[in-house]
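A short write-up of the structure that comes next.
The values are calculated or read from the model by the stated rules, or taken from the named source; none is laboratory data. Just so we're clear, the structure is a prediction, and the values are computed from it rather than from any experiment. Every residue, glycine among them, receives a Cβ derived from its backbone with ideal geometry; neighbour counts consider all protein chains shown. Side chains included, ligands, DNA and RNA excluded: accessible areas come from the protein's heavy atoms. Shrake-Rupley method; radii C 1.70, N 1.55, O 1.52, S 1.80 Å.
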Amino acid sequence: MKFRVTPRANAFYDMFAASAANLVVGVKILTELLGSTPPERAAIGERMKTAEHASDEITHAIMNEVNSSFITPFDREDIYRLASSLDDVMDAMEAAVDLVVLYNILELPPGLADQVEVLERAAEVTAEAMPRLRAMRNLREYWIEINRLENAGDAIYRRLLAKLYGGEFDALTVLKIKEVVDQLEAAADAFENVANTVESIAVKES
C-alpha cells in the first residue's frame with residue numbers, strides 16, 4: 001500500500017462533516033415515517049436505505065484515507081472510533097425504519113415522536129459541531145448538549161416501556177414496537193459515543 005507522508009487533513013474533516021450532515025438527512029426521513037400511512041412506508045424505507053448506504057460509503061472513505069496516510073491529524077484510533085460511531089447512528093435509525101416496514105406496524109405510539117425529536121436535535125448539533133474539529137474550539141457546549149439530550153432520551157425510553165407494558169397493547173405488538181424503540185435508543189446512545197469521542201480528541205489535542 002502506498003502511504004502519503006503529508007496528511008490531507010481537510011479530507012478527514014470534510015468527510016466527518018459529510019457523515020454528520022447525512023445524519024440530518026436520515027432523521028428527517030425518520031420524522032417523515034412518523035406522519036406516514038402504512039402504504040407510504042415502503043418507499044420511505046427505501047430512501048432510508050439509500051441514506052444508510054451513503055453513510056457507509058463515507059465511513060469506508062474515511063477508513064481508506066486513514067489507512068493510506070502516514071500522518072493523520074489526530075490519533076488513528078480516534079478517527080476509527082469517530083467514523084464508526086457516526087455510522088452507528090445511521091445504522092440504528094435505518095434499522096428502526098426497516099422494522100416498522102417489515103413488521104407492518106399499523107399504529108406507532110405517540111412517544112416515538114419524542115424519541116425522534118431528541119434524535120433530530122442531536123443530529124443538528126452534531127452536524128454543527130463537526131466542522132469545528134478543524135480548530136478544536138467551541139466544542140464543549142456540543143458534548144454537554146448531547147449528554148443532556150441522551151439523558152432526556154433515556155427518560156423518554158423508560159416512559160415508552162412503561163406504556164408498552166401497561167396492558168394497552170397485545171403481546172405481539174409490544175414485542176414489535178419495543179424493537180423499534182430499542183433501535184431509537186441505540187441511535188441516541190451512538191450520538192453520545194460520537195460526542196465522547198470528540199471530547200477525548202479535544203482533550204488530547206489541547
Residue in the range 108-129 that is farther than 30 Å from residue 178 by Cβ and either at pLDDT below 95 or open to solvent by less than 40 Å² (accessible area, probe 1.4 Å) (or both) present: yes
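Among the residues that make up the range 141-148, is at least one of them touching a residue at least 12 places away in the same chain (Cβ under 8 Å), over 17 Å from residue 112 (Cβ atoms) and among the charged types (D, E, K, R)?
yes
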Subset tally (residues that are without any contact (Cβ under 8 Å) to a residue 12 or more places away in the chain and either within 25 Å of residue 125 (Cα to Cα) or part of a helix (DSSP H, G or I) (or both)) for the range 149-175: 8
Filtered residue count, the range 88-110, keeping only those that are touching a residue at least 40 places away in the same chain (Cβ under 8 Å) and not in a helix (DSSP H, G or I): 6
Number of positions in the range 19-63 that are among the aliphatic types (A, V, I, L, M) and closer than 14 Å to residue 99 by Cα: 7
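Of all residues in the range 32-87 being free of Cβ contacts under 8 Å to residues at least 12 places away in the same chain and closer than 17 Å to residue 133 by Cα, which is most open to solvent (accessible area, probe 1.4 Å)?
My answer is 77.
Yes or no, residue by residue, for (1) farther than 18 Å from residue 92 by Cβ; (2) surrounded by fewer than 17 Cβ atoms within 10 Å (Cβ to Cβ); (3) among the hydrophobic types (A, V, I, L, M, F, W, C); (4) at pLDDT 95 or above:
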| position | (1), (2), (3), (4) |
| --- | --- |
| 142 | yes, no, no, yes |
| 145 | yes, no, no, yes |
| 149 | no, no, yes, yes |
| 154 | no, yes, no, yes |
| 157 | no, no, no, yes |
| 166 | yes, yes, no, no |
| 169 | yes, no, yes, no |
| 177 | no, no, yes, yes |
| 180 | no, no, yes, yes |
Single condition residue 75 does not satisfy, out of (1) within 13 Å of the chain's Cα centre (by Cα); (2) over 30 Å from residue 167 (Cβ atoms): (1)
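Does residue 136 satisfy the criteria of being open to solvent by 40 Å² or more (accessible area, probe 1.4 Å) and under 25 Å from residue 22 (Cβ atoms)?
On the way: open to solvent by 40 Å² or more (accessible area, probe 1.4 Å): yes; under 25 Å from residue 22 (Cβ atoms): yes.
So residue 136 fits the description; yes.
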Residue match in the range 10-31 (condition: part of a loop (DSSP other than H, G, I, E, B) and either within 19 Å of residue 197 (Cα to Cα) or modelled with pLDDT under 95 (or both)): no
Cβ-Cβ under 6 Å pairs, at least 6 apart or on other chains, the range 176-194 side over 15 Å from residue 116 (Cβ atoms), far side open to solvent by 40 Å² or more (accessible area, probe 1.4 Å): 176/103
The range 88-107, subset farther than 23 Å from residue 130 by Cβ and of a type in the set (D, E, K, R), residue surrounded by the most Cβ atoms within 10 Å (Cβ to Cβ): 98
